[in-house]
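Notes to accompany the following structure.
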Amino acid sequence: MKAFHIIKEHIILPRRSISVTAQRNDLMEFFDDKNNWGVQEVKTGRSWKVEELRLKSNSDLHKLWYILLKEKNMLLTMEHECNEKMIIFPSPERIDKVEESMENLEAVVRERNKAYHLLETGENGERPEKITNNAFGLQHVYKESEYAIIPKHMNEEWLRKDSYRASGKDLRDFLLKYKEKVFVENKKKKQRDFNHVCGLLKRFPNMDMEALKEQYPDVDIEKAKNSKRSRGHFVPA
């Protein structure tokens, strides 16, 4: 019996019995927990903050990114399924929280990449950008990418897609109408903001002017205060 106890204490367990492989749920991983099906509200926490993500290592951020990506895919799948069944998707703000967390995580990774490249190469490490004109003569920011070493005049795909450029009278007429449209839209927006500020001053004459200027920097507050639209319905003494 003593020998049997000695053998039992030194027995070697097979590798399969101590496996730590995660449980496989197959396609059910793309769907929410069954306990959340049919409920009106799913309680969740807030999104990840930038300050919290800065404390994590690169490995943890890498793992967290794929966790958030998997969660986003699951929520989008459930939202699509609810739309197909014409039922209410519970707590749709969960998608916004996940997307906000992913944006904050990407911002932290960009900060680290920028700091590393500035230290090593003196450059920020971001894709080079330049302002150029598109086919309609409008300016836009173009992010450069790596391509095969082929001259432009020999690149058939580039010649087919990007070589066309409008010019002449048609382009000038288009740009004139486009700039006129943008000018009118900006003018209407300024007038709407001015009228809204006048309405606020009419309803709340003692409101914080500094906060009002901060929220509407393009509006002349003094002009709005002296406008007839900001005066209340009262008879002066």
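The values are calculated or read from the model by the stated rules, or taken from the named source; none is laboratory data. Being a predicted model, the structure only gives us computed values, none of them experimental. Don't worry about glycine lacking a Cβ; one is built from the backbone with ideal geometry, like all the others, and counts go over all protein chains shown.
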Qualifying residue in the range 188-202 (condition: modelled with pLDDT under 90 and of a type in the set (Asp, Glu)): no
Number of the condition not met by Asn83 [criteria: (1) closer than 30 Å to Trp37 by Cβ; (2) under 22 Å from the mean Cα position of the chain (by Cα)]: (2)
Considering residues of the range 139-163 that are assigned to a loop (DSSP other than H, G, I, E, B) and exposed (fewer than 11 other Cβ atoms within 10 Å of the Cβ) only, the residue modelled with the highest pLDDT: Glu144
Every residue from the range 134-161 that is without any contact (Cβ under 8 Å) to a residue 24 or more places away in the chain and under 28 Å from the mean Cα position of the chain (by Cα): Asn134, Gln139, His140, Val141, Tyr142, Lys143, Glu144, Ser145, Glu146, Tyr147
Filtered residues of the range 31-50 (kept if of a type in the set (S, T, N, Q), more than 17 Å from His80 (Cα to Cα) and in a loop (DSSP other than H, G, I, E, B)): Thr44, Ser47
Yes/no for Leu171 being touching a residue at least 40 places away in the same chain (Cβ under 8 Å), surrounded by 10 or more Cβ atoms within 10 Å (Cβ to Cβ) and more than 30 Å from Asn58 (Cα to Cα): no
Residues satisfying the stated conditions in the range 166-212, i.e. not polar (S, T, N, Q) and not in a helix (DSSP H, G or I): Ala166, Gly168, Phe204, Pro205, Met207, Asp208
Some residue of the range 102-123 being more than 22 Å from Glu144 (Cβ to Cβ) and in a loop (DSSP other than H, G, I, E, B): no
Residue ID - surrounded by the most Cβ atoms within 10 Å (Cβ to Cβ), chosen from residues in the range 39-79 that are touching a residue at least 12 places away in the same chain (Cβ under 8 Å) and hydroxyl-bearing (Ser, Thr, Tyr): Ser47
Residue list for the range 213-231, filter: in a loop (DSSP other than H, G, I, E, B) and of a type in the set (A, V, I, L, M, F, W, C): Val219
